[in-house]
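Undergrad: Have a look at this one before I ask anything.
The values are calculated or read from the model by the stated rules, or taken from the named source; none is laboratory data. Please read all numbers here as calculations on a predicted model, not as lab measurements. Note: ideal-geometry Cβ built from the backbone for every residue, glycine included; neighbour counts use all protein chains shown. These accessible areas exclude ligands, DNA and RNA; they are computed on the full protein's heavy atoms, side chains included. Shrake-Rupley method; radii C 1.70, N 1.55, O 1.52, S 1.80 Å.
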Amino acid sequence: MTDMNQNIQPTDARDVIQRLTQAFGKLPQVLAVVLGGSRAAATSDVASDYDLYVYTVREVPVDFRRTLLGESAEIDNRFWEPGDEWSDPSTGTHIDIMYRSPEWIEGQIERILSRHEASLGYTTCFWYNIVHSEALLEHRP
């Protein structure tokens with residue numbers, strides 16, 4: 001696991017992110033956990049949430065996610081990508097967790113960079129997300 005840069009503030013939020021990263025890292029299907037969004041791109045403000053992307057070879061069980069985040073979390077949203085939303089009760093840190101397969105994100109990048117296919121509102125967002133993400137945990141196959 002790499003050290004998270006100073007874009008993650010305050011210390012208590014950093015501790016929450018590290019705890020989640022370590023929990024996901026114990027699962028055999030998890031290849032990587034990355035910080036994305038405004039926190040990783042250094043464009044955040046005090047109201048910004050934390051976007052974690054969990055790259056997996058198969059789904060992270062909903063039961064595991066509910067146990068990890070608690071009953072107050074919004075688990076298994078599927079409007080954009082599979083994900084969970086949660087606020088840590090002890091710190092107020094708001095976290096969005098999205099789950100991606102490597103094949104899915106590679107397909108998005110291929111669509112943008114190789115086939116030059118537009119997607120209304122999302123032509124470059126996935127590419128930007130990858131470029132500005134910070135690896136917190138990485139398992140090499």
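Undergrad: With a 10 Å cut-off between alpha carbons and a GNM built on the chain, which of Tyr122, Tyr55, Tyr99 moves the most?
TA: Comparing Tyr122, Tyr55, Tyr99 in the GNM, the peak value goes to Tyr122.
Undergrad: Something else now. Have a look at the DSSP beta bridges in the chain and tell me what percent are antiparallel, nearest 5.
TA: 75
Undergrad: Using only C-alpha atoms and all pairs of different ones, pull out the Kirkwood radius for region 1-126 in Å with one decimal.
TA: 15.5
Undergrad: With a length cut of 18 Å (Cα positions projected on each helix's long axis) and a Kyte-Doolittle mean of at least -0.5, go through the chain and give me the DSSP H helices that pass.
TA: 11-25
Undergrad: So how exposed is Glu74, as accessible area in Å² (1.4 Å probe, rounded to 10)?
TA: Glu74 has an accessible surface of roughly 100 Å² with all protein chains in place.
Undergrad: Turning to a different aspect of this structure: Give me the 1.4 Å probe accessible area per residue for the chain, excluding ligands and nucleic acids, in Å².
TA: Per residue, the chain has 56 Å² of solvent-accessible surface.
Undergrad: Show Tyr53, Tyr128 ordered by accessible area, largest first, where the area counts protein heavy atoms only and the probe is 1.4 Å.
TA: Largest accessible area first, the residues go Tyr128, Tyr53.
Undergrad: Given a 10 angstrom Cα cut-off, can you work out which residue in Ile130, Ile112, Ile95 is the most mobile in a GNM of the chain?
TA: Taking springs between Cα atoms under 10 Å, the residue moving most is Ile112.
Undergrad: May I pose another question? How large is the charge dipole for the chain, taken about the Cα centre, if only the Cβ atoms of Lys, Arg (+1) and Asp, Glu (-1) carry charge, to the nearest 20 debye?
TA: Taking the Cα centre of the chain as origin, the dipole is about 360 debye.
Undergrad: In debye to the nearest 20, how big a dipole does region 85-129 give about its Cα centre with +1 on each Lys and Arg Cβ and -1 on each Asp and Glu Cβ?
TA: 160
Undergrad: Could you work out the relative contact order of region 16-141, using alpha carbon pairs under 8 angstrom and six or more residues apart, expressed as a whole percent?
TA: RCO, region 16-141: 32 percent.
Undergrad: Continuing with the same structure: Helix-derived [θ] at 222 nm for the chain: sum -39500 (n - 2.57) over DSSP H runs of at least 4, divide by residue count, nearest 500?
TA: Taken over the chain, the calculation gives -9500 deg cm²/dmol.
Undergrad: Where nothing but the Cβ of Lys and Arg (+1) and of Asp and Glu (-1) is charged, how large is the charge dipole of region 43-104 around its Cα centre, in debye to the nearest 20?
TA: Roughly 220 debye for region 43-104.
Undergrad: With a Cα-only, solvent-free Debye model of region 11-81, what are the log10 I(q)/I(0) values at q = 0.11 Å⁻¹?
TA: So the normalised log intensities are -0.30.
Undergrad: Next up: Put +1 on the Cβ of each Lys and Arg and -1 on the Cβ of each Asp and Glu in the chain; which of Ser38, Ser87, Val54 then has its Cα farthest toward the positive end of the dipole?
TA: Val54
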